[in-house]
1. Nearest-5 percent of antiparallel DSSP beta bridges in the range 11-159?
2. Treat the count of other C-beta atoms within 10 Å as a stand-in for reagent exposure and order Thr29, Thr126 from fewest to most.
3. In degrees, nearest 10, range 0 to 90: what is the angle between the Cα axis of helix 258-267 and the longest Cα principal axis of the chain?
4. Could you check the simple spin-label distance between Glu282 and Ala259, using points 7 Å along Cα→Cβ, in nm with one decimal?
5. Using alpha-carbon pairs under 8 Å, 6+ residues apart, how would you state the relative contact order of the range 113-259 in percent?
6. The range 92-140 to the range 259-292: how many Å between their Cα centroids?
7. Which value, in debye to the nearest 20, gives the size of the charge dipole of the chain about its Cα centre, when Lys and Arg are +1 and Asp and Glu are -1 at the Cβ?
8. Evaluate the relative contact order of the range 188-292 (contact order divided by residue number), counting alpha-carbon pairs under 8 angstrom at least 6 apart; express in whole percent.
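Bear in mind these aren't lab numbers, they're just calculated from the coordinates by the rules spelled out. Remember, it's a predicted structure, so these values are computed and weren't measured experimentally. Note: ideal-geometry Cβ built from the backbone for every residue, glycine included; neighbour counts use all protein chains shown.
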Amino acid sequence: MLLGSLALPVVAEDAKVAASLRELGGQVTEAGGAVTKVSFRDCSKLGDAEFKQIGQLKSLKSLTLYGSCKGLTDTTLAHFAGLTALEELGTDGIQVTDAGLKHLANLPNLRTASFFHIAFPDKGFTGAGFAAFKTLPKLERLTVAGTPFNDKGMAAVAELTQLKEFRTWHTFQTQAGNEHLLKLTGLRSLMLGQRLRQYGGKPNGLSIDDATLATLAKLKSLESLGLDEVRLTHAGLVQLKALPNLKKLSLQRADIPEADITKLRADLSKVTIEWKPPTEDERKKLEGMLKP
């Protein structure tokens with residue numbers, strides 16, 4: 001009887017929060033009266049009060065906050081520190097600093113985390129704060145994209161040796177940053193997209209080209225590799241023969257001679273190769289992106 005009486009206030013509070021979030025356009029899933037999943041495609045109406053409510057959902061397992069979630073800052077992110085049941089977190093446009101990421105460092109069940117357009121445009125964020133995620137024992141999948149994340153961030157991610165999958169694109173990382181990934185000896189899946197161009201006289205070295213592949217060929221645990229918005233040749237790609245466990249290679253919007261792909265399929269006969277050359281419009285955009 002005591003356990004049941006303790007559960008009643010929690011369920012009642014969850015129902016109240018669920019109703020409030022639905023009024024703001026959120027999709028809310030409940031199980032046994034407790035909220036287990038919250039998803040927003042448009043977070044523009046969410047503020048401190050709403051994030052505080054979400055932080056009270058002790059049974060919440062999945063949280064998706066997409067669509068200009070600029071109200072999620074260091075201050076409001078602190079409301080999520082008690083979401084100990086959370087397994088999946090997806091965000092878009094949150095305005096946190098590297099120091100603010102520490103508020104997510106005590107979520108023991110977090111398995112998947114995605115950060116799109118975090119601290120964008122450039123507000124001094126580097127991604128170094130991801131080092132705080134070392135305390136997340138179950139974290140296996142991390143995505144960071146469309147953000148000023150740079151080589152300091154890559155070094156921080158390299159400390160997350162529990163990762164099985166890492167995806168990143170449209171950041172300020174460089175080729176040197178890719179070297180940090182060699183510390184992830186258990187990484188099975190990697191997706192790398194081209195860096196963002198910088199302006200105002202800042203350097204614009206490519207984050208992925210043939211030279212990058214020499215580094216990636218040292219990630220012996222890789223089973224799946226994806227590369228996007230790239231210009232590569234057979235001479236670079238053939239280095240991936242050094243990956244003993246590679247099963248799938250995805251080359252998206254990849255400017256590669258068709259003859260080189262034919263040779264590569266012969267060289268990597270046991271690897272499923274998916275190649276999508278750029279369309280004419282994509283090729284024009286790629287030319288601009290690859291400019292030094």
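1. Counting DSSP beta bridges with both partners in the range 11-159, the antiparallel share is about 20 percent.
2. Thr29, Thr126
3. 80 degrees
4. The modelled label-to-label distance comes out at 2.3 nm.
5. Relative contact order comes out at 18 percent.
6. Each part's Cα centre sits 32 Å from the other's.
7. With Lys and Arg at +1 and Asp and Glu at -1, about 480 debye.
8. Relative contact order here is 27 percent.
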